[in-house]
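Following: one structure in structure tokens, then a few remarks.
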Amino acid sequence: MTGQAAAASTAAPIFDTDELVINMGPQHPSTHGVLRVVLRLDGERVVDADIVIGYIHRGIEKLSENRDWTQIILLTDRMDYVAAATNNLGYCETVEKLMEIEVPRRARYVRTVLAELQRIASHCLWLGTHAMDIGAMTVLLYAFRERELVLDLFEDYCGARLTYNSMRIGGLPLDIPTGWDAKVRAFCDLMEGKIPEYEELLTNNRIWLERTRGIGVISAEDAIGLGLCGPPLRGSGVYRDVRKDEPYAAYDELDFDVPLGTRGDTYDRYLIRLEEFRQSIRIIRQALDGLPEGPVMGKVPRLIKPKAGETYHAIESPKGELGYFIVSDGRATNPYRFRVRPPSFCNLQGLRPLITGHLVADVVALIGTIDIVLGEVDR
Amino acid sequence: MEITPAHYTVLSAALFSIGVIGVLVRRNVIIIFMAIELMLNAVNINLVAHARYLENLAGQVFVVFVIAVAAAEAAVGLGILLAFFRNKETVNIDEMNIMRW
Amino acid sequence: MAEAIAFYTLAVLILGLGVAVITTPKTVHSVVFLVLNFLCVAVLYVVLRAEFLAVIQVLVYAGGIVVLYLFVVMLVNLKRAPEAHEDPRRLARLGLALSGAVLLELAGIVVYSYGRVTPASAPAAAGPLTGAGNTEELGWLLYTDYLIPFEVASVLLLVAMVGAIVLARRES
Amino acid sequence: MLDTIVIPVLKIAVLLNAVLVAVTFMVLLERKVIAWAQSRLGPMRVGPYGVLQAIADPIKLLVKEDIRPVRADPMLFTLAPILSLVPALVVFAVVPFGGDELFYVTDINVGLLFIISVTSIGVYGIILAGWASNSKYPLLASLRASAQLISYEIAVTMTLVSVILTAGTLSMVGIVEAQQQSGLWFGFVQPVAFVLVFIGGLAETNRAPFDLPEAEQELTGGFHTEYSGMRFALFFLAEYANIIVISAVVTILFWGGWLRPFPNVEALAFLDLIPGWIWFFAKMFVFLYIFIWIRATLPRYRYDQLMRLGWKVLIPVAIGNIVLTGVVKVLL
């Protein structure tokens with residue numbers, strides 16, 4: 001074998017077959033964390049994809065089985081770390097359901113406000129990164145500018161900006177600070193003016209339309225079959241929103257619409273999330289208007305120790321249906337079994353059928369459109 | 001130190017011979033194509049040089065045609081090469097001994 | 001004097017790069033040498049007052065045709081060197097000898113033809129072609145005296161284009 | 001001796017330095033303008049309002065560690081950045097910054113073709129960089145880049161034919177003089193050609209929305225993924241030098257180069273107080289600004305859409321424009 005032959009065979013035999021295998025991630029600018037996608041390409045077209053997860057698996061579920069019930073709230077912060085408040089909410093409500101604790105009405109309203117603020121923050125992050133993946137860099141900065149304001153509100157409320165640990169079993173640790181509701185209202189007014197700014201940059205932009213219309217189409221049957229949830233499911237026109245179907249917190253007392261898509265493509269999912277901004281603002285305003293007086297903490301026993309039993313409870317996190325399944329054996333001060341149904345993980349199921357047949361450039365758009373957080377996928 | 005057409009002709013002849021060596025000695029078809037391009041260029045040098053010294057632009061016109069032919073040759077030749085490579089995984093001219101596949 | 005310096009420098013470069021093209025083991029390097037060779041030839045055209053051709057040489061040859069070669073070289077990434085297969089019927093030495101014969105023959109022609117013309121009658125003293133209008137004159141010739149060859153060339157290019165697409169397309 | 005060697009060499013030296021300095025400030029301008037578009041401040045630390053960032057960046061790149069992947073092809077890996085920078089600088093030889101002989105290195109009778117052909121050499125830098133890195137993303141990016149460059153080169157060259165038809169010359173100075181004689185900038189005579197050339201210019205310089213070869217989100221940085229330090233800086237310089245070239249060429253071909261607005265209207269003669277080169281740089285600056293503005297605003301095209309735009313829209317329109325120009329030229 002001559003030197004050249006040796007060089008040629010050690011150099012990745014890229015064009016030996018007609019397929020090229022490339023490894024997207026875990027270090028890649030647009031896999032939103034440490035997702036790894038092994039793509040088999042024919043030219044630039046994706047023939048098949050293998051999705052590898054587990055790079056930030058921290059064993060949160062197992063850890064939770066060795067923590068007492070209150071300590072787990074802090075762990076849930078670290079699952080979907082861009083939407084910690086909804087994670088807290090889901091967990092606390094599940095335990096409350098298990099223990100049949102009555103949560104004061106004021107606490108439920110404040111929780112709703114927090115959850116919707118969190119939805120705005122999470123969608124801001126999604127919008128910015130999704131647009132950035134498709135190359136519109138300015139939207140990223142605009143969206144993060146508004147997300148910053150939400151984080152400021154959270155900081156005002158609980159002192160933390162990312163991992164809030166903002167709820168307790170039975171209610172809230174703190175009542176809202178004075179003047180906080182006025183600040184939230186001011187933010188809502190401001191945010192309402194900013195949504196058209198994003199829309200101006202994207203919604204009718206020809207390049208944006210070409211990059212998202214008809215890309216990653218998924219039919220309603222397929223979406224249900226794949227177990228998608230949240231905006232990807234609603235983008236295909238399936239009416240499913242836990243806030244409406246199984247109301248929790250104060251959603252049954254508030255009025256809002258669930259936006260639905262018709263074509264089930266990336267553009268529809270984009271429109272839905274933009275509409276959810278508006279709906280969230282609407283919910284926050286109603287909740288603040290109707291904010292009842294009263295305590296924010298219900299009657300909770302000193303030692304939280306649910307009686308033996310199991311329960312499943314789901315909420316609508318910004319990314320979809322976030323469910324907690326908890327088994328208590330009634331003896332220990334920790335759960336016997338703790339299991340999370342993370343929306344990001346379920347939606348990630350859809351990635352492979354979505355990207356197959358599309359181009360490499362679409363892969364990043366489609367990873368963006370299902371809006372995953374790897375912390376939640378791996379847990 | 002005056003440069004005469006003879007100088008250019010000698011240069012052209014030498015370059016042409018290099019091309020001939022390439023075609024006759026190398027077995028990689030791509031290299032052989034490139035050697036042919038060298039020969040075409042040798043011819044072009046000759047044409048341009050004589051166009052200048054005979055004050056007749058016809059030589060330059062022919063260079064334009066030669067370049068056009070070279071482009072056509074490269075396109076078709078490389079197309080055949082790619083089609084062949086897809087079937088036999090080789091660019092060795094000695095292994096190109098079949099008339100059809 | 002200036003022309004002599006330019007000529008000899010370019011001649012050395014052209015021949016050296018030409019030899020490099022056919023001797024380098026790596027095909028990609030060959031292509032790079034070929035580009036450099038063509039650029040030198042283009043400069044030689046400038047010396048010969050054929051600016052338009054020089055530019056065309058760079059644009060079409062260096063910027064177009066050789067890119068095609070480079071593409072093919074990159075697509076045809078070989079597992080084994082094409083030279084590894086030795087055909088016993090192939091006679092490289094004979095090839096070299098034949099090439100030498102061609103060179104000798106060409107040299108003979110040059111010596112024969114230019115040896116007989118006396119320097120006085122040689123047209124070597126010709127000055128630069130008329131001024132700046134090289135491109136215009138060339139265009140004029142192409143569209144009048146050489147119109148039919150020009151059209152034939154364009155048809156040839158069209159055929160080549162269609163042919164290349166048909167050949168390179170994958171049968172599915 | 002003085003006229004044939006000393007003065008041209010001096011001009012070249014001044015021009016090269018000016019271009020390189022302009023490039024560093026162009027980078028600063030881009031960072032600043034994009035920052036303002038995104039409601040940020042941009043570089044603020046080095047010097048007042050970050051002005052000295054333009055000096056700090058090259059210094060940083062110069063002293064950075066130079067990394068060459070083990071399996072890279074040493075010769076081509078070194079050659080590629082050079083091959084991409086040199087053509088970008090060489091074209092400045094025929095760009096006239098003013099009407100006086102002082103403002104251009106040379107005026108050759110095939111100036112415009114010279115620019116087209118020399119920029120077409122720049123593609124080698126990109127292809128070879130991708131190939132020599134011996135890495136998949138750069139290879140993919142370099143294949144994209146070369147296909148893109150060649151396609152858009154065809155469109156731009158086709159379009160320029162109609163400008164050449166209008167001007168009747170290939171000389172850059174001659175084209176501006178033709179605009180002076182006709183009293184009308186070619187931008188008004190050939191608006192379609194202007195738009196096509198500008199779009200093609202965006203694509204040829206790999207700028208947003210056609211920046212696929214360096215699409216960070218898809219290809220992790222494109223063909224120069226494996227490059228670092230000064231080698232990377234050479235690609236960077238080449239890209240921005242090319243942007244300046246395109247802006248200059250567009251200014252010369254369509255917006256009268258160094259001519260003041262309405263060059264034939266006597267009433268505006270007072271505008272001649274402003275020297276031609278200032279007009280030139282002002283116009284060029286507008287285009288540089290538009291380049292940056294577009295980058296801050298638009299998403300990126302997908303590869304197949306880019307190719308479709310090039311082959312199915314720009315080239316047919318360019319051919320139509322040639323035919324139209326020819327017909328009008330014959331009729332008038």
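The values are calculated or read from the model by the stated rules, or taken from the named source; none is laboratory data. What you see is a predicted model, and the numbers here were worked out from it, not measured in a lab. We place every Cβ from the backbone using ideal geometry, glycine too, and count neighbours over all the protein chains shown.
Below is a table of values for the structure above.
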| quantity | calculated |
| --- | --- |
| Selection from segment A:241-267 of residues that are over 17 Å from the mean Cα position of the chain (by Cα), buried (at least 19 other Cβ atoms within 10 Å of the Cβ) and in a helix (DSSP H, G or I) | A:Tyr251, A:Tyr267 |
| Selection status of B:Gly79, more than 7 Å from chain C (Cβ to nearest Cβ) and surrounded by 20 or more Cβ atoms within 10 Å (Cβ to Cβ) | no |
| Enumeration of residues in segment A:21-44 that are assigned to a loop (DSSP other than H, G, I, E, B), among the β-branched types (Val, Ile, Thr) and under 21 Å from A:Gly216 (Cα atoms) | A:Thr31 |
| Identity of the residue in segment D:270-306, within 14 Å of chain A (Cβ to nearest Cβ) and of a type in the set (Phe, Trp, Tyr), that ends up nearest to the chain's Cα centre (by Cα) | D:Trp293 |
| Some residue of segment D:86-103 being within 12 Å of chain C (Cβ to nearest Cβ), small (Gly, Ala, Ser) and within 17 Å of D:Val245 (Cβ to Cβ) | no |
| Verdict on B:Phe65 being surrounded by fewer than 20 Cβ atoms within 10 Å (Cβ to Cβ), within 22 Å of C:Tyr61 (Cα to Cα), facing chain C (nearest Cβ under 7 Å) and not acidic (Asp, Glu) | yes |
| Set A:Gly298, A:Gly294: member being touching a helix residue (DSSP H, G or I) at 6+ places or on another chain (Cβ under 8 Å), within 16 Å of A:Glu253 (Cβ to Cβ) and at pLDDT below 85 | A:Gly294 |
| Given (1) in contact (Cβ under 8 Å) with a residue 40 or more places away in the chain; (2) facing chain C (nearest Cβ under 10 Å); (3) in contact with an Asp or Glu (Cβ under 7 Å, 6 or more places away or on another chain); (4) surrounded by fewer than 24 Cβ atoms within 10 Å (Cβ to Cβ), index of the condition D:Ile116 fails | (3) |
| Condition check for D:Asp100: under 30 Å from D:Gly168 (Cα atoms), modelled with pLDDT under 85 and more than 20 Å from the chain's Cα centre (by Cα) | yes |
| Matching residues, segment D:240-290, being touching a residue at least 60 places away in the same chain (Cβ under 8 Å), closer than 24 Å to D:Val192 by Cα and aromatic (Phe, Trp, Tyr) | D:Phe254, D:Trp255, D:Trp258, D:Phe262, D:Phe280, D:Phe281, D:Phe287, D:Tyr289 |
| Test: residue in segment C:66-76 that is within 14 Å of chain D (Cβ to nearest Cβ), at pLDDT 80 or above, in a helix (DSSP H, G or I) and under 30 Å from D:Ser171 (Cβ atoms) | yes |
| Positions within segment A:320-357 being over 19 Å from A:Gln118 (Cβ atoms), in contact with a helix residue (DSSP H, G or I) (Cβ under 7 Å, 6 or more places away or on another chain) and in a loop (DSSP other than H, G, I, E, B), in sequence order | A:Pro335, A:Gly350 |
| Residues (in contact (Cβ under 8 Å) with a residue 40 or more places away in the chain and in a helix (DSSP H, G or I)) located in segment A:157-186 | A:Tyr157, A:Asp181, A:Val184, A:Arg185 |
| So D:Thr24, is it of a type in the set (Ser, Thr, Tyr) and within 25 Å of C:Val43 (Cα to Cα) | no |
| Matching residues, segment A:45-73, being touching a Phe, Trp or Tyr at 6+ places or on another chain (Cβ under 6 Å) and in a loop (DSSP other than H, G, I, E, B) | A:Glu65 |
| Residue under evaluation A:Asp245, criteria (1) more than 18 Å from A:Ile367 (Cβ to Cβ); (2) touching a residue at least 40 places away in the same chain (Cβ under 8 Å), criterion not met | (2) |
| Leading residue by the ranking (farthest from the other protein chains (Cβ to nearest Cβ)) among those in segment B:1-13 that are without any contact (Cβ under 8 Å) to a residue 40 or more places away in the chain and either in a helix (DSSP H, G or I) or within 19 Å of B:Asn92 (Cβ to Cβ) (or both) | B:Ser12 |
| Pairs where the first residue, in segment B:64-89, is of a type outside the set (Gly, Ala, Ser) and the second is not in a helix (DSSP H, G or I), C-beta under 7 Å, 6+ apart | B:Leu81/B:Val91; B:Phe84/B:Met96; B:Phe85/B:Val91; B:Phe85/C:Val76; B:Asn87/B:Trp101 |
| A:Leu63, sole failed condition from (1) touching an Asp or Glu at 6+ places or on another chain (Cβ under 6 Å); (2) more than 18 Å from A:Ser122 (Cβ to Cβ) | (1) |
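Let's see how each residue does on (1) closer than 24 Å to D:Ile292 by Cα; (2) loosely packed, with under 14 Cβ neighbours inside 10 Å:
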position: D:Ile12; (1), (2): no, no
position: D:Leu28; (1), (2): yes, no
position: D:Leu41; (1), (2): yes, yes
position: D:Val46; (1), (2): yes, no
position: D:Leu52; (1), (2): yes, no
position: D:Pro58; (1), (2): yes, no
position: D:Phe77; (1), (2): no, no
position: D:Ser84; (1), (2): yes, no
position: D:Val90; (1), (2): yes, no
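Listed here are the residues, each with its yes/no results for (1) surrounded by fewer than 22 Cβ atoms within 10 Å (Cβ to Cβ); (2) at the interface with chain C (Cβ under 7 Å from one of its Cβ atoms).
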{"position": "B:Leu15", "(1), (2)": "no, yes"}
{"position": "B:Ile21", "(1), (2)": "no, yes"}
{"position": "B:Arg26", "(1), (2)": "no, yes"}
{"position": "B:Ala35", "(1), (2)": "no, yes"}
{"position": "B:Ile45", "(1), (2)": "no, yes"}
{"position": "B:Asn56", "(1), (2)": "yes, no"}
{"position": "B:Ala71", "(1), (2)": "yes, yes"}
{"position": "B:Thr90", "(1), (2)": "yes, yes"}
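Rundown of residues vs (1) among the acidic types (Asp, Glu); (2) assigned to a helix (DSSP H, G or I); (3) within 11 Å of chain D (Cβ to nearest Cβ), yes/no style:
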residue	(1), (2), (3)
A:Leu75	no, yes, no
A:Glu93	yes, yes, no
A:Lys97	no, yes, no
A:Arg106	no, yes, no
A:Thr112	no, yes, no
A:Ala121	no, yes, no
A:Cys124	no, yes, no
A:Thr129	no, yes, yes
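Conditions (1) closer than 30 Å to A:Gly43 by Cβ; (2) polar (S, T, N, Q); (3) within 18 Å of the chain's Cα centre (by Cα), marked per residue:
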| site | (1), (2), (3) |
| --- | --- |
| D:Trp311 | yes, no, no |
| D:Leu314 | yes, no, no |
| D:Asn321 | no, yes, no |
| D:Thr325 | no, yes, no |
| D:Leu332 | no, no, no |
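For (1) in contact with a Pro (Cβ under 8 Å, 6 or more places away or on another chain); (2) at pLDDT 85 or above; (3) in a helix (DSSP H, G or I), each residue gets a yes or a no:
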| position | (1), (2), (3) |
| --- | --- |
| D:Asn134 | yes, no, no |
| D:Ala141 | yes, no, yes |
| D:Gln148 | yes, no, yes |
| D:Thr159 | no, yes, yes |
| D:Ser162 | no, yes, yes |
| D:Thr169 | no, no, no |
